[in-house]
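The values are calculated or read from the model by the stated rules, or taken from the named source; none is laboratory data. The shown structure was predicted, so the numbers you read here are calculated from the model rather than taken from an experiment. Counting neighbours? That spans all protein chains shown, and the Cβs are built from the backbone with ideal geometry, glycine included. The area values use the complete protein model at the heavy-atom level, side chains included, leaving out ligands, DNA and RNA. Shrake-Rupley method; radii C 1.70, N 1.55, O 1.52, S 1.80 Å.
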Amino acid sequence: MARILIVEDEVALASALRRGLEDERYAVDVSHDGEEGLWAASGEEYDLLILDLMLPRIDGLEVCRRLRADGRDVPVLMLTARDTTADVVSGLDAGANDYLKKPFDFDELLARVRALIRSASRATTSVLELADLEVDLAGRRVRRAGDEVSLTAKEFQVLEYLATHAGEVISKTRLAEAAWARDDYPDSNVLEVYIGNLRRKLDRGRDRALIHTVRGAGYVLRAEAAGA
Ligand code: CA
């Protein structure tokens, strides 16, 4: 699942964007000033930043410059209330990938968001394979031994993270952080329910299980039995 950070000081606009994007199944965090935004974007992995140009404390251009100077290549969609060529050029010079002038249509924003996330992920593999499991990240489809497995959006997000890190033991905390927004982390028993559902759908009735519990540590997706 794609994670988006919105850095926007207009609280109503930020909330409306968050709701709209969450409806599209993105995990969304919001920062209301440049300093907080820079801190969030430097500390966590996001697939996209929606960055307002005029922000308190550190403006959008400076946030973008500092992220690029720091080697962060997360796609940045700059929002600008002004429409002068100079602003657009400064934004792109600072390292923004695209820009949108306020006021904008939500559908227009969504189209840009999709395009930016798509182009950023095009470089990476879109179908992950482990034994007879195939996880198609772009098509959001899953097959086991050729059989289509139907997952809910959230189950897919959990599996996506495990599959992207196959062979690696993932703690519940890390899994929660990867698949849920910051202020929406699930209880550990909720996470267990998702893992239980995935096991039922992917592993039940199969010769070998792929989802393993590593006691006290978390979960791992791998073809061999845990502890083997
Ligand atoms: Ca602003």
- Output ³J(HN,Hα) for region 176-191: one whole-Hz value per residue in order, computed from phi by the Karplus curve 6.51 cos²θ - 1.76 cosθ + 1.60 with θ = phi - 60°, and x for Gly and Pro. 5, 5, 6, 10, 10, 6, 3, 9, 9, 4, x, 5, 5, 6, 5, 4
- Query: Based on the alpha-carbon gyration tensor of region 1-71 and its eigenvalue square roots a ≥ b ≥ c, which shape applies: rounded if a/c is under 1.5, prolate if not and a/b is larger than b/c, or oblate?
  - Reply: oblate
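Tell me what the chain gives for mean residue ellipticity at 222 nm when only DSSP H runs of n ≥ 4 count, each as -39,500 (n - 2.57), the sum divided by the residue total, rounded to 500 deg cm²/dmol.
Working: 8 runs with 93 residues, N = 228.
When only DSSP H runs of four or more count, the value is -12500 deg cm²/dmol.
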- Query: What trypsin sites (Lys or Arg not before Pro) in region 18-93 are in a loop by DSSP, with at most 14 other Cβ atoms within 10 Å of the Cβ?
  - Reply: ARG25, ARG57, ARG82
- Within region 154-187, list the trypsin sites (Lys or Arg not before Pro) lying in a DSSP loop whose Cβ has at most 12 other Cβ atoms in a 10 Å radius. none
- Message: So, for region 76-213, what is the accessible surface per residue at a probe of 1.4 Å, expressed in square angstrom?
- Response: 53 Å²
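Pull up the DSSP beta bridges for the chain and report the antiparallel fraction as a percent, rounded to 5.
50 percent
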- Item | Cα pair distances of region 76-228 binned at 5 Å [whole percent] | 2, 8, 15, 16, 15, 12, 9, 8, 7, 5, 3, 1, 0
- Which of the lysines could a cross-linker bridge to LYS172, judged by Cα under 25 Å and excluding same-chain residues fewer than eight apart? LYS154, LYS201
- Message: Compute, for the chain, the length of the dipole vector about the Cα centre, with Cβ point charges of +1 (Lys, Arg) and -1 (Asp, Glu) only. Units Debye, rounded to 20.
- Response: 880 debye
- Computed over region 1-141, the convex hull of the Cα set has an average projected area, in nm², of 8.8 nm²
- Of every hundred units of 1.4 Å-probe accessible area on region 149-203, the number belonging to carbon and sulfur atoms, as a percent, is 47 percent
- Task: Find how many whole Å separate the alpha carbon centroid of region 81-103 from the alpha carbon centroid of region 60-77.
- Result: 14 Å
- Query: With charges only on Cβ, +1 for K and R and -1 for D and E, what is the dipole size of region 1-51 about its Cα centre, in debye, rounded to 20?
  - Reply: 220 debye
- Note on the structure: In region 1-109, the chymotrypsin sites (Phe, Trp or Tyr not before Pro) that sit in a DSSP loop and have at most 15 other Cβ atoms within 10 Å of their own Cβ are PHE104
